[in-house]
1. Can you pull the one-decimal nm distance between simple spin-label points at residue B:722 and residue B:198, each 7 Å off the Cα toward Cβ?
2. About the Cα centre of the protein assembly as shown, what is the dipole size in debye to 20, counting +1 per Lys and Arg Cβ and -1 per Asp and Glu Cβ, all else neutral?
3. How large is the helix-only mean residue ellipticity at 222 nm for chain B, computed as the sum of -39500 (n - 2.57) over DSSP H runs with n ≥ 4, divided by its residue count, in deg cm²/dmol to the nearest 500?
4. Tell me, what is the percent relative contact order of the stretch A:82-153, built from C-alpha pairs under 8 Å that lie six or more residues apart?
5. Sum up the charges of everything whose Cβ sits under 12 Å from the Cβ of residue B:242, counting Lys and Arg as +1 and Asp and Glu as -1, but leave residue B:242 out.
6. Using label points projected 7 Å from each Cα along Cα→Cβ, tell me how many nm separate residue B:282 and residue A:118, to one decimal.
7. Average partner chain C-beta neighbours within 10 Å, per residue of A:96-107?
8. I'd like the FRET efficiency for residue B:312 and residue A:1, computed as 1/(1 + (r/R0)^6) with the beta carbon distance as r and R0 of 41 Å, rounded to 0.05.
Amino acid sequence: MKLRVNGKDHEVAAPPDMPLLWVLRDLLGLTGTKYGCGVGQCGACLVHVDGKPRRSCMTDVADVAGKSITTIEGLSADASHPVQQAWAEMDVVQCGYCQSGQIMAAAALIAEKTKPTDPEIDAALGRQLCRCGTYQRVRAAVHRAAELNQEQKS
Amino acid sequence: MSILADPNRREFLKAATLGAAGLVVGFYVPAGRRFAHAAEAPAAPAAPPLPQANAFLRIAPDGTVTVLLAHSEMGQGIWTSLPMLIAEELDFDVSKMKVEHAPAAPAYFHTAFGAQMTGGSTTTWSEFDRYRQVGAIARALLVQAAAQRLGVDAAACRTENGAVIAGDRRLRYGELADDAAQLPVPASVALKDPKDWKVIGQPTRRLDTPEKINGTAVFGLDVRLDGLLTAVVARSPVFGGKVKSFDASAALAVPGVRKVVQVPSGVAVVADHFWAAQQGRDALKVDWDLGAGAALDTVAMLAEYRKLAAADGKVAAAAGDAPGALAKADKVVDVEYVAPYLAHAPMEPLNATVRIATDRCDVWTGTQMQTGEQMAAAAITGLKPEQVHIHTTFLGGGFGRRATASADWVSEAVHVATAAGATVKTVWTREDDVRGGYYRPMVVHRIRAALGSDGLPAGWDHTIVSQSVMAGTPFESMFAKTGIDPSSVEGAADSPYLKAIPNHRVQLQDYRAPVPVLWWRSVGHSHTAFAMECMVDELARAAGIDPVEYRRRLLADQPRLRAALDLAAAKAGWRSPLPAGRARGVAVHESFGSFVAQVAEVSVEGGRIRVHRVVCAIDCGIAVNPKTIEAQMESGIAFGLGAALSSAITFKDGRVQQSNFDDYRVLRLPDMPKVEVHIVPSRERPGGVGEPGTPPIAPAVANAVAALTGQRLREMPLRLRA
Ligand code: FES
Ligand code: FES
């Protein structure tokens, strides 16, 4: 089947019910998207499908054939996405393992809401787990990313 | 040519000569000895041999400076703070340094433990001299090379931002690297006077951010090799169970499954990719001989613990006559505190990739204990330790789980690769992680304390019931004489409070159960701080004395703890009024050479405890990177708060009742309080920061809940009674 990932078309030979997560990681070698739970509980595997956040461990690959998939590797060519800039500025990461998912969730949020409120951040990122406890900085960096996003647009 | 690339200087890579008997390491250093090494090292420069600088630093002719880390980056920030130590002495811009994990080799042994490992919040203090010395040695060699080239005296040269300067001549380090590599290493080097520090103490951004925000950072799970297969292992559903027989036919019928092989820990399904391996395991039929582990039940165990807590155990600390003081007292507070088994649940599930050839074995994994893994892999493959190459990747969290005496997941992965005759990445699922051990032990504390006429405790009788994390491991030899695992009683038996209580006794009931237990971020302190700090708070209230004031009186001879307490109380506005429905609680605890006080502000909403704000003060001696310290306090608080509010591992019929993040609950973003960190200025030698933020949060919250509701919650996770 055909899969469009980060603007590139791939032909993948995968069983239709293979989770997108493992297609990305094990068949396409895009290891920036992480496995943390496999059951939709942690958000480490979050990617964008047609611009919307989606947990790739819970997504059958056949469901997204022909759609546009974006992973952390495709968010920007040079870490220039406002979320990535804010993340660097606020020194958010620790072990880093959950951060692809956090960043993708944040990017989807600020694409939808120009100025997300704390409750909106809770709703969008409340189930993105981080065992290193970077939550305070994640929240601050989402606010900062929204600002940068507006500055870059104007 | 680089300094490191000089073949004459590569001896350090040669051999891991450590024999099995040499492995006397542990995260636990008795409090008195913890700083012995660090304290002795700098005094006489001639005494300890200088580090082999070339093992830690490469300067390439193109000017690239690469720092090799003897310890593992698992989020705690040493990828930045260790290079800072070199940068300080080398006079080089730390933000331009490249960083790598070192290979496994004796040159990288922990300066206090004699093995390559990361844990016990020891990295900063144990490397504080070595990494500075490396920078100073390299600088001396570069200056010497420049002096020779320019025909001037070395004393006429100074260094600045990656260059040696003499008069109006300026030579970049890269231009000098080849010459410097040929020079003899100096016998001694002087380190900068702290007043001249330009790097140490400066808030410095993480060096590993770029690769961690664009998906390129390589964790163990991300390792890719030609012909690599992936395995998942079916392990016994109860601890100690053994495979009786298995039927692999359905597993082998899953497309992509290549092999099904038996290993000591169970049956491995080896496939082209993870998904096939996991499906193959679902289809696999294994008949288990469960053994005694099938009787395990935490409800029954807790009842047994409570009985043991009322009986005499082994005496870990005693002064005066505690039972006598209690018998005489008018007012005795007699309570029990309970802490459950806890999983570490690092965000990256355990995994290791193993490739075996006739004369070498390569292991890629995120580990906290390279030497142990190297020896384990050597023993299994029959190779020599130096033929085992450990490639340390980034760790997707550690918290102690990636440091087992048994090298459990690496040993298993070596067995799988051997049995499969292939290069294999063995991956644990999250369910395997939650159900497969190792855990922070379940612990019961029973404390009886007598209040004196001044309100202060006149007697303290304390019994701890716990499994030992070191029993049955090579570390057990450390406490063979006493039979008391010091990590079961740390934070209680050596509590500064007890020094102010004339009659006290701390006893240990060492419980044996077939549950694998391990150090979990802050080890014994993760439960002793809860018991000590809640009890002191109960006594303060029983005496009608303000909890901060009560602690100040008991800690009259503990200036560092008191200063941290005072700072946290002042910054939190301890005595200032709060809106209705909110209350504050305080806790202060020393661990890993650092002193931490926290004030938590809580409310109760819909029967749930909500923590709004935590003010944290830490004295960790010299603050190498204040940004790291702040991040680690936030991290330690989040880790401890998740456990305090929601995490527990329980057993019924030998089975772990939790399986994934839906029922093994950890802290989530909406429950993260606002954390404010204040660092006590200090010129003392550095202490740890990875763990000390964790112990005080649970008692600070429990104490705040007691202040707010009058309910004393003595069991973690904290649950309000209806
Ligand atoms: S791996 Fe998909 S939500 Fe956890
Ligand atoms: S940074 Fe380690 S899990 Fe989030």
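1. So the two model labels end up 6.7 nm from each other.
2. 940
3. That comes out to -8500 deg cm²/dmol.
4. For the stretch A:82-153, the relative contact order is 52 percent.
5. 0
6. In this crude spin-label approximation the distance works out to 4.1 nm.
7. Mean shielding by partner chains, rounded to a whole number: 5.
8. In this case the efficiency is close to 0.05.
Here, each number is a calculation from the coordinates, and none is a lab measurement. Just so it is clear, the model here is predicted, and its values are computed rather than measured. Note: ideal-geometry Cβ built from the backbone for every residue, glycine included; neighbour counts use all protein chains shown.
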